[in-house]
Every structure is written in structure tokens, then in C-alpha cells.
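Please treat every number below as a calculation from the coordinates, not as lab data. Please read these numbers as outputs of a predicted model, since none were measured by experiment.
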Amino acid sequence: MLDYAQARRLMVDCQLRTFDVNDNAVLDVFDSIPREHFVPKNQEPFAYIDQPLRLGGAGGDVRVSPAPMVLGRMVQALKLHAGANTLDVATGYGYAAAVMAQLGATVTALESDADLAAIARDRLQGKAEVVEGPLEAGLTAKAPFDAILINGRVETRPQALLDQLRDGGRLICVFGPAKGAKVMLFVRAGDAFGSRPLFDASLPPLAAFAEKAAFAF
């Protein structure tokens, strides 16, 4: 039988630490949360590989749990503080929400797939509030947010979500086309939004943020 605790420690030491995740609080949280609890049963033996894991999703709108080293860098870049009002978009089974909640953030997990929202609610056990709704709309009722994390690739600028950041708030996502996508950090400054790429990454696209096909003559 797989020793999940040992696999989790190897994930932290051989994936996160070697990929510039150096925040001790972030490392401790990844070492303490059982990722196997936040994936489908048939994916449990693969919970600690350095690959995104498919969680499900209707039609072509796939949900994945990002590779741990990618998620670790993303969470670290958000610079969460205790009580930070945080939105986890396309939460899937709720792993990223659990990580951010254990770091002390107040997390709302947004999911448009009803079945996945129900699973996340069950797996999170009250660590984060799970809300079902359209991903691209965000959650104005809970705004403004200190931090927003999107689990999936975004092909268009998520302006409605950016508008829900408070001044100084941060949004992080995998942004761009399938080839050449990067983890992008957006930071709000008044009514302006700065952005900078952090590193290359690849995730399946989220239908809610897909580039619309242009009409060609």
C-alpha cells in the first residue's frame, strides 16, 4: 500500500522546493493536506506526481487539479495573509481552496459544475464556502477580494474578476494559448491593473474564459 505521508514529503522536497517554492508556511501546508482526498478514487495513487490530475467536468469543460509545484508557486505569489478574502475559481474537488484556507485565508470556492460543487463541499468539510455559479462572473456578493486564483487556463483577460479585486489585490492564473501559456500575476492599483508573467505552465482551457472565434471573410 502506498505510504501517502511519505509521498507527500517527497512532493514537497523534490517538486516544490526545487521549483522556487521557498515560503515555509506554504511548504508546511502542502506537507499537511492529503491531496489524495481531493482527487477521484482512481487518481489517488497518482496524487503526488508532478502532473495536473483530471477531476471531471461536463462536455469539453474539463477540471483539473494543477500540478503541485505549479499550484505552490501560484499560491506563494498571492502572498496571502490571515483573514485574506480569497476566491478560488473552478475549484474542482477543492484542493487549492483547502490549501489557501489552511494558510489562514477566508476562502470562497466557485464552481459552475453542480456535481463538482457538491463533491468540493463534501471534501472541504466547511474549510471554505462552496458556491455554484458561472466562473466568468466571479462573485460580487463576496467582493472585494484580496486574492483570486483560477484553476485552469484562461484565454481571455478575466476582467469581471479583476474588477472584484480590492486595491492592491492579486489575481493569478495560467494565461494564453495552449502553446506559450504562462502563469500570469495581475495586481490592482486603483483603477489600473499591472500584470507580469511568472513562469511557463500548461493546463486545459476553461470554457468560461475561452477565446471567441473571430469571423473571417
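Observations on the model:
- Antiparallel beta bridges, as assigned by DSSP with both residues in the range 51-209, represent about 45 percent of the total such bridges.
- Label of the coordinate-derived value, mean projected area of the Cα convex hull in nm², listed as [x] 14.6; [y] 11.1; [z] 12.4: [z]
- Under a Gaussian network description of the chain, with springs only between Cα atoms under 10 Å, the residue in 135, 27, 171 that fluctuates furthest is 27.
- For the range 138-217 versus the range 29-91, the gap between their alpha-carbon centres in whole angstrom: 17
- Relative to the longest principal axis of the Cα atoms of the chain, the long axis of helix 68-78 lies at roughly 50 degrees.
- Computed extension gain for residue 137 through residue 37, at 0.36 nm per residue and net of the alpha carbon distance, reaches 33.2 nm.
- Residue among 176, 104, 190 with the largest mean-square fluctuation in a Gaussian network model of the chain, springs linking Cα atoms under 10 Å: 190
- Between the amide H of residue 109 and those of 88, 129, 130, 131, distances stay under 5 Å, these residues lying 5 or more places away or on another chain, with hydrogens modeled in the peptide plane.
- Between 77, 137, 128, the residue with the greatest mean-square fluctuation in the GNM of the chain (Cα pairs under 10 Å linked by springs) is 137.
- Rounded to the nearest 10 degrees, the inclination of helix 114-124 to the longest alpha-carbon principal axis of the chain is 50 degrees.
- Contour minus Cα-Cα distance for residue 4 and residue 160 (0.36 nm per residue): 52.3 nm
- Non-local lysine pairs in the chain, meaning eight or more places apart or on different chains, with alpha-carbon distances under 23 Å, amount to 7.
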